Amino acid sequence: MIQALRGMKDIMSPDNSRFVHIIETASRIAKRYGYEYIETPLLEETTLFKRSVGESSDIVGKEMYQFIDKGGHDVCLRPEGTAGVVRAFIQNKLDKRGGTYRFFYHGPMFRYERPQKGRLREFHQFGCESFGEESVYEDFTMILMIKDIFDALGIGYTIKINSLGCPECMPGYRERLVTHLHDIKDGLCEDCQRRISTNPIRVLDCKVESCRTQLQKAPLIVDNLCKTCDAEFGRLISLLKSHDIPYELDPKLVRGLDYYTRTAFEFVSSEIGAQSAIAGGGRYNRLVEFLDGKPTPAVGFALGIERIMELAKMPKSEREGLYLGVMEPDAIETVLKIAHKKRQSEKVYTEYRKKSLKAHLKAADRMQARLCAIIGEDELKTGEIWVKDLESKEERRIAVNEFV
């Protein structure tokens, strides 16, 4: 028997309704914030992610589904959503037009990593990207939007924030950090030793306990911000406080991708094990320029749908729609005509096979239909249909032409 590949799974009942509920809830709230839907290809040139995510990142170095296609092109399945949206933004010359553009997306991403709870090789994300607005108010508004999404889904969380500085303050900080890392190099894991020369700031995010112990006295970004970055970060904190939004300052929060600057944030949950991040993002003012576009301020986030599947609270299930069945084969064509007309305004389940009334009622109940409508021998003779409201338990016979 052929089975799904390791780390990839089918989304079927009962998870499918929860999956759709998360996407619909997040999409509805994003639209309220002025975001419009964008769809980008699953397959992109590998160069896109090497230049945006960064060749030193684990995603590019270890996790991409990368191959040479039949045309000899180096391509890969997208490992994250932001780079593709930025590519589309530039390709459609929106960077040249000026103004503010806000997009939301959802879909599958692919990373070849060890499958674990809430983390798969094919996984789905919902994300938002905002271009053209440099104000920290946009960062704050995006945090508010994620808060609204998780509140609507009934998910508990903690908000962690940090500032990653800018090209003015980062070089000096990087130099101080590298000096410190060389002093403790022997106590760091192999990945962290490699990152000292490729992307030293990522060392701060290491989950290896021995490294975390060694890094307790490492210099912190928030202590080395320039005046502008410090003022912007202070304004963000002030906004969170004035809106009574609890947060934690995490000076070692650096995000996993290379293109972030200034604001970085994560929403974390203690209910999904060691991998506690359920959403994350921040500002990436240099990425459009890195990908050959006109310099454009930008901020975005993504949340992992599988990671919150078990946490999301489903709304109370309500009966809806109409179940249509027959107890006489000669009534099938009449039922099909009724079904077609009713589907113009409501959900209709149709059963073509002849069944007993008890079997029809059981099937309608299983499908959570509101009405069960059956045509039997007597109804066929009188031109009527028997209808039962499965919520109120009321039963009646109605003329077919009136029911339609």
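Can you report the number of residues in the range 282-321 which are under 25 Å from S135 (Cβ atoms), β-branched (V, I, T) and outside any loop (DSSP other than H, G, I, E, B)?
Total meeting the criteria: 2.
How about the range 99-124: which of its residues are more than 20 Å from L287 (Cβ to Cβ), modelled with pLDDT of 95 or more and surrounded by fewer than 19 Cβ atoms within 10 Å (Cβ to Cβ)?
Matches in the range 99-124: P108 only.
So if I check each of L303, L287, which one is out of contact with any Leu (no Cβ under 8 Å at 6 or more places or on another chain) and either of a type in the set (G, A, S) or within 20 Å of I161 (Cα to Cα) (or both)?
Only one candidate qualifies: L303.
Taking the residues in the range 282-307 that are of a type in the set (K, R) and buried (at least 19 other Cβ atoms within 10 Å of the Cβ) as candidates, determine which candidate is nearest to the chain's Cα centre (by Cα).
Step by step, filter the range 282-307, then rank; the result is R307.
Could you run through the range 175-221 and say how many residues are under 30 Å from I237 (Cβ atoms), touching a Gly at 6+ places or on another chain (Cβ under 9 Å) and surrounded by 13 or more Cβ atoms within 10 Å (Cβ to Cβ)?
Count: 6.
Restricting the search to the range 308-317, which residues are open to solvent by 30 Å² or more (accessible area, probe 1.4 Å) and touching a residue at least 24 places away in the same chain (Cβ under 8 Å)?
Matches in the range 308-317: E310, K313, M314, P315, S317.
Out of (1) surrounded by fewer than 22 Cβ atoms within 10 Å (Cβ to Cβ); (2) part of a strand (DSSP E or B), what's the single condition that is false for K96?
All conditions are met except number (2).
Return yes or no: is D258 at pLDDT below 85, of a type outside the set (S, T, N, Q) and surrounded by 13 or more Cβ atoms within 10 Å (Cβ to Cβ)?
Answer is yes for this residue.
Filtering the range 319-335 down to residues that are touching a residue at least 12 places away in the same chain (Cβ under 8 Å) and loosely packed, with under 14 Cβ neighbours inside 10 Å, which residue is farthest from the chain's Cα centre (by Cα)?
Per the criteria, the residue is D330.
Give me the residue from the range 125-134 that is open to solvent by 10 Å² or more (accessible area, probe 1.4 Å) and at pLDDT 95 or above and, out of that set, farthest from K96 (Cα to Cα).
Within the range 125-134, the match that is farthest from K96 (Cα to Cα) is Q125.
How do the pairs read when you match residues in the range 156-177 that are farther than 27 Å from I143 by Cα with residues anywhere that are among the small types (G, A, S) and open to solvent by less than 20 Å² (accessible area, probe 1.4 Å), using Cβ under 8 Å and keeping only pairs 6 or more apart or on different chains?
If the second residue must be among the small types (G, A, S) and open to solvent by less than 20 Å² (accessible area, probe 1.4 Å), the pairs left are L177/A218.
Residue by residue through the range 1-18, note down the ones that are out of contact with any helix residue (DSSP H, G or I) (no Cβ under 6 Å at 6 or more places or on another chain), surrounded by fewer than 17 Cβ atoms within 10 Å (Cβ to Cβ) and not charged (D, E, K, R).
Scanning the range 1-18 gives M1, I2, Q3, A4, L5, M8, M12, S13, P14, N16, S17.
So which pairs qualify, if the first residue must be in the range 139-153 and open to solvent by less than 10 Å² (accessible area, probe 1.4 Å), the second must be of a type in the set (S, T, N, Q), the Cβ gap must be under 8 Å, and the two must be at least 6 apart or on different chains?
D139/T263; M142/S130; I149/T25; L153/T25
Open to solvent by 30 Å² or more (accessible area, probe 1.4 Å) and either assigned to a helix (DSSP H, G or I) or modelled with pLDDT under 95 (or both): does that describe F67?
Considered against the rule, which asks whether it is open to solvent by 30 Å² or more (accessible area, probe 1.4 Å) and either assigned to a helix (DSSP H, G or I) or modelled with pLDDT under 95 (or both), F67 comes out as yes.
How many residues does the range 214-257 contain that are among the small types (G, A, S) and within 30 Å of C189 (Cα to Cα)?
Residues that pass the stated criteria total 2.
The rows are residues; the columns are (1) touching a Pro at 6+ places or on another chain (Cβ under 9 Å); (2) over 30 Å from I143 (Cβ atoms); (3) of a type in the set (A, V, I, L, M, F, W, C); (4) at pLDDT 95 or above.
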| position | (1), (2), (3), (4) |
| --- | --- |
| G300 | no, no, no, yes |
| M309 | no, no, yes, no |
| M314 | no, no, yes, no |
| R319 | no, yes, no, no |
| D330 | no, yes, no, no |
| K337 | no, yes, no, no |
| Q344 | no, yes, no, no |
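If A279 passes every condition in (1) hydrophobic (A, V, I, L, M, F, W, C); (2) open to solvent by 70 Å² or more (accessible area, probe 1.4 Å); (3) under 28 Å from F267 (Cα atoms); (4) not in a loop (DSSP other than H, G, I, E, B) but one, which one does it miss?
A279 satisfies all of (1) hydrophobic (A, V, I, L, M, F, W, C); (2) open to solvent by 70 Å² or more (accessible area, probe 1.4 Å); (3) under 28 Å from F267 (Cα atoms); (4) not in a loop (DSSP other than H, G, I, E, B) except (2).
Could you please tell me which pairs satisfy a Cβ distance under 9 Å, a separation of 6+ or placement on different chains, a first residue in the range 3-15 that is within 16 Å of R114 (Cα to Cα), and a second residue that is of a type in the set (A, V, I, L, M) and open to solvent by less than 100 Å² (accessible area, probe 1.4 Å)?
Taking only residues 6 or more apart or on different chains, the pairs are G7/L120; M8/L120; K9/L120.
Are any of the residues in the range 258-274 among the aromatic types (F, W, Y), in contact with a helix residue (DSSP H, G or I) (Cβ under 9 Å, 6 or more places away or on another chain) and either part of a strand (DSSP E or B) or more than 25 Å from G132 (Cβ to Cβ) (or both)?
Yes, because at least one residue in the range 258-274 is among the aromatic types (F, W, Y), in contact with a helix residue (DSSP H, G or I) (Cβ under 9 Å, 6 or more places away or on another chain) and either part of a strand (DSSP E or B) or more than 25 Å from G132 (Cβ to Cβ) (or both).
What is the residue count in the range 14-59 for residues that are at pLDDT below 90, over 16 Å from A312 (Cβ atoms) and not in a helix (DSSP H, G or I)?
Result for the range 14-59: 3.
The values are calculated or read from the model by the stated rules, or taken from the named source; none is laboratory data. Because the structure is predicted, anything quoted here is derived from the model rather than measured. We place every Cβ from the backbone using ideal geometry, glycine too, and count neighbours over all the protein chains shown. The accessibility values were calculated without ligands, DNA or RNA, using every heavy atom of the protein model including side chains. Shrake-Rupley method; radii C 1.70, N 1.55, O 1.52, S 1.80 Å.
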